[in-house]
1. Please find, among Thr175, Thr222, Thr193, Thr130, the residue that is part of a helix (DSSP H, G or I), among the hydroxyl-bearing types (Ser, Thr, Tyr) and over 22 Å from Tyr98 (Cβ atoms).
2. Anything in segment 153-193 that is within 13 Å of the ligand (Cβ to nearest atom) and of a type in the set (Val, Ile, Thr)? List them, or say none.
3. Of everything in segment 74-90 that's outside any loop (DSSP other than H, G, I, E, B) and over 10 Å from Thr130 (Cα atoms), which residue is nearest to the ligand (Cβ to nearest atom)?
4. When you go through (1) in contact with a strand residue (DSSP E or B) (Cβ under 7 Å, 6 or more places away or on another chain); (2) farther than 12 Å from Leu78 by Cβ; (3) within 16 Å of the ligand (Cβ to nearest atom); (4) not in a loop (DSSP other than H, G, I, E, B) one by one for Glu32, which number turns out not to apply?
5. Which pairs do you get when a residue that is of a type in the set (Asp, Glu), found in segment 49-62, comes within reach of a residue that is modelled with pLDDT of 95 or more, reach meaning Cβ atoms under 6 angstrom, with the pair 6+ apart or on two chains?
6. Restricting to segment 140-152, and then to whatever is surrounded by 17 or more Cβ atoms within 10 Å (Cβ to Cβ) and of a type in the set (A, V, I, L, M, F, W, C), can you tell me which residue is nearest to the ligand (Cβ to nearest atom)?
7. Has segment 145-158 got any residue that is in contact (Cβ under 8 Å) with a residue 24 or more places away in the chain, closer than 17 Å to His17 by Cβ and touching a His at 6+ places or on another chain (Cβ under 6 Å)?
8. Could you figure out which of (1) in contact with a His (Cβ under 7 Å, 6 or more places away or on another chain); (2) part of a strand (DSSP E or B) isn't true of Ala116?
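The values are calculated or read from the model by the stated rules, or taken from the named source; none is laboratory data. All values derive from a computational prediction rather than experimental measurement. Methodologically, a virtual Cβ is constructed for each residue, glycine included, from the backbone with ideal geometry; neighbour enumeration extends over all protein chains shown.
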Amino acid sequence: MKITIIHGQSHKGSTYHIAHSLAEKLGGDIREFFLPRDFGEFCMGCNSCFRVAENACPHYEKLLPITEAIDDADVLILESPVYVLHATGAMKALLDHYGWRWLIHRPEERMFSKQAVCISTAAGAGMKRTNQDMADSMLWWGVAKTYRYGIAVSATSWDGVNEKKKKKIDQRLNTLAAAIIRHQGKVKPGWKTRLYFYVSRMMQKNNMNPLDAAYWNAKGWTKKNRPWKKNP
Ligand SMILES: Cc1cc2nc3c(=O)[nH]c(=O)nc-3n(C[C@H](O)[C@H](O)[C@H](O)COP(=O)(O)O)c2cc1C
């Protein structure tokens, strides 16, 4: 199993340990990126990715190792500590760079057979919204199945997390890992992804953005092909 972890911070605290432990339980090749250490650019709002091509983004080359690792993975793990009730700015800055990959634009076909996990920790609250910040992109990228795990660790470092909580986390990660392994190679996108796909398909048929429409036509998605099926 190929696993790509994107850490929403550059240090190894509670969120890192939980994400990494899950990847170890899954087994296989692990590639990981730390933000902003491995990518710290902000979207400049030039719209080149939407209007010209994804490689017209001024940060395209810098982003490429992460993009390739995302595309190559069976399982994506996105994690972020809760910062003021949301994902870190570094995580948001990365996700902003993939707007062009959303279902309404030019989604990557391989997403429709991947699983993803969004993980967050907080001292007390905000895990739901933080996971939502990341899960929104997973849905709109077309990822077939996304799990979420948020936990209030009542601490500001992994050393500060008590043993009882660590045991509870470990148990939850075992269950999560078992579910992911069970579904590996068998996932199909749920109704929400399919609904958004068909809404987008209608937009492409109306040629709302010629670049996107050309992509959809080339894939055959405006006809009978579907990204979650074996197409002729
Ligand atoms: C800038 C900043 C903002 C934070 N905001 C929140 C918050 O809104 N709610 C909360 O419960 N904890 C908050 N925390 C605490 C962290 O979310 C918490 O300690 C988390 O487990 C840290 O994860 P880490 O060890 O992976 O860095 C914040 C911490 C920082 C540094």
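1. Values: Thr222 fails: part of a helix (DSSP H, G or I); Thr193 fails: over 22 Å from Tyr98 (Cβ atoms); Thr130 fails: over 22 Å from Tyr98 (Cβ atoms).
Only one candidate qualifies: Thr175.
2. Those that are within 13 Å of the ligand (Cβ to nearest atom) and of a type in the set (Val, Ile, Thr): Val153, Thr156, Val161, Ile169.
3. Result: Gly89.
4. (2)
5. Glu54/Trp100
6. Taking segment 140-152 and keeping what is surrounded by 17 or more Cβ atoms within 10 Å (Cβ to Cβ), we get 140-151.
Okay, now just the ones that are also of a type in the set (A, V, I, L, M, F, W, C), so 140-141, 143-144, 151.
On the way: Trp140: 24, Trp141: 24, Val143: 23, Ala144: 27, Ile151: 8 Å.
The residue in question is Ile151.
7. Yes, the conditions are met somewhere in segment 145-158.
8. Exception for Ala116: condition (1).
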